[in-house]
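The values are calculated or read from the model by the stated rules, or taken from the named source; none is laboratory data. This one's a predicted model, so the numbers in the text were calculated from it and none came from an experiment. Ideal geometry is used to build each Cβ from the backbone, glycine not excepted, and the neighbour counts take in all protein chains shown. SASA here: full protein model, heavy atoms, side chains in, ligands and nucleic acids out. Shrake-Rupley method; radii C 1.70, N 1.55, O 1.52, S 1.80 Å.
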Amino acid sequence: MKKLFTLLFCSAVLFSCSTENDSMDLASDQEVNFEEQLAKGAYDNSNLGIYKGLFTTLDGQNRATIYITLNGKSDPSVEFSFPDASKSVVRSSANVSKGQSVDAISFDESGFKFDFTVEKDGSNPAISNITYMGDKGDAIILKETSKAAVTTKTGTYTCETGCALSDDDAVPHPELGAPGAIQTFNFMLQGGNEGPITMQYVLNSRVYEGTALQGSCDPGIFGNLITCEIFAQPDLNGNSGPIRFRSLDNPNTSLLFHEYAADATGVTCSSYYGTGIYRSTLFGRSTISIITDDAVGEGGDCNKRK
């Protein structure tokens, strides 16, 4: 009887270990399979896949990149990456299957609260009703496909000239803030290093979006650090006037640039920097200095290569 008990106990232990190892192998296989299917384009026209985007609070003081994973197996997860290298991962217990519309998945964790929706073919993804630590925010997202990669970068702007409404700077600019005040100016690139750029920026506690194109890309002396000029098409909207990236003196030359480096494995750094001109019909002409954060997300920071 004792020998039989010992035999049963050992069998149970071996079965338990075998089951645990099988589960771990299955999870690993599922993860690999998901990555392989993504690369093959199996989820290009599906609600499942990877979504990337940008977040900012309405006061322009908090910003992050967004990375959403919907694989149809594990809980939907959203990762927010901040400029200081910290991350917040938010999960939902909602079940998302392939080929069904996502009407509203609610997330509430790590200081974030928001809803996510997307059509069954992966179109019209949206994050709504988003708050961070109780502060209202705004988010924009795109679906990444095998044919169109998406790269996101957080950034800021500061007002350089025309920032005050009095000679002694006692009255700061109603929309741009006081001289030196930092606010959000984020970038999202789709479809290659020189593809169209979506910008997300804050003016007077309102969030705007605009689209820009790249051109006149110069490989430089050694050809490993490429600089492209950015042209808003049309001018970006502001509260009381347009934001332009070119001067009236030389309208064919841009004041804002995208700098990137690439090798055989893809993009190794990416940075945006330069000047914008805000022509407010109420408060006159101001210049803003724009730069992306020291990169902790995708692509690295080209300034660290110099």
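Need one number: nm distance between label points at residue 248 and residue 208, each 7 Å from Cα along Cα→Cβ, rounded to one decimal.
With each label placed 7 Å out from Cα toward Cβ, I get 1.8 nm.
What ranking of 221, 290 comes out by heavy-atom accessible area, probe 1.4 Å, highest first?
Working: 221 160, 290 5 Å².
Descending accessible area places them as 221, 290.
Across the range 175-180, in residue order, what do the Karplus-derived ³J(HN,Hα) couplings come to in whole Hz, using 6.51 cos²θ - 1.76 cosθ + 1.60 with θ = phi - 60° and x for Gly and Pro?
10, 9, x, 6, x, x
Remind me, what semi-axes does the range 135-224 give for its equivalent ellipsoid, largest first in whole Å, using sqrt of 5 times each Cα gyration tensor eigenvalue?
Details: eigenvalues 203, 73, 16 Å².
Gyration-tensor ellipsoid for the range 135-224: 32, 19, 9 Å.
Check residue 293: other-chain or 5+ apart residues with amide H under 5 Å from its amide H, H built from backbone geometry?
154, 155, 156
Under 20 Å from a point placed 7 Å out from the Cα of residue 136 along the Cα-to-Cβ direction: which residues of the range 188-204 have their backbone N that close?
The answer is 200-204.
Between residue 233 and residue 289, 0.36 nm times their residue separation minus their Cα-Cα distance comes to what?
Values: separation 56, 0.36 × 56 = 20.16 nm, distance 1.95 nm.
Roughly 18.2 nm would be gained on extension.
Assuming a viscosity of 0.890 mPa s and a temperature of 25 °C, what translational diffusion coefficient in µm² per second does Stokes-Einstein assign to the range 65-155, Rh being the Kirkwood radius over Cα pairs?
On the way: Rh = 13.9 Å.
In µm²/s, the coefficient rounds to 177.
Which order do peptides 113-123, 269-279 fall in by mean Cβ count within 10 Å, highest first? Each step should come with its number before you reach the end.
Values: 113-123: 17.5, 269-279: 21.1.
By packing density, highest mean first, the sequence is 269-279, 113-123.
Please give the per residue accessible area of the range 154-211, computed with a probe of 1.4 Å over protein heavy atoms only, in Å². Could the numbers behind the result be given before it?
Working: 2350 Å² over 58 residues.
Value returned for the range 154-211: 40 Å² of accessible area per residue.
Can you tell me the FRET efficiency between residue 35 and residue 89 if r is taken as the Cβ-Cβ distance and R0 is 22 Å, rounded to the nearest 0.05? Write down the numbers at each step before the final one.
Working: r = 18 Å, r/R0 = 0.83.
Result of the calculation: an efficiency of 0.75.
Using θ = phi - 60° and the Karplus curve 6.51 cos²θ - 1.76 cosθ + 1.60, what whole-Hz ³J(HN,Hα) does each residue of the range 84-95 get, with Gly and Pro shown as x?
With coefficients 6.51, -1.76 and 1.60, one gets 8, 6, 6, 9, 10, 9, 10, 10, 10, 8, 5, 8 Hz.
Per residue, how much space in cubic angstrom lies within the convex hull of the C-alpha atoms of the range 116-165?
Numbers: hull volume 8.1 nm³, N = 50.
That works out to 163 Å³ per residue.
Could you work out how far apart the two model spin labels at residue 108 and residue 182 are, taking each label as a point 7 Å from the Cα in the direction of the beta carbon, and quote it in nm?
3.2 nm
For the range 32-156, what % of the accessible area comes from carbon and sulfur atoms, probe 1.4 Å? Before the final figure, lay out the partial values.
Details: 2400 of 5650 Å².
Here it works out to 42 percent.
Per-residue counts of other Cβ atoms within 10 Å, averaged by peptide: what ranking do you get for 95-101, 51-57, 246-252, highest first? Walk me through the intermediate numbers first.
Details: 95-101: 13.3, 51-57: 24.7, 246-252: 10.9.
Put in order of decreasing packing, that is 51-57, 95-101, 246-252.
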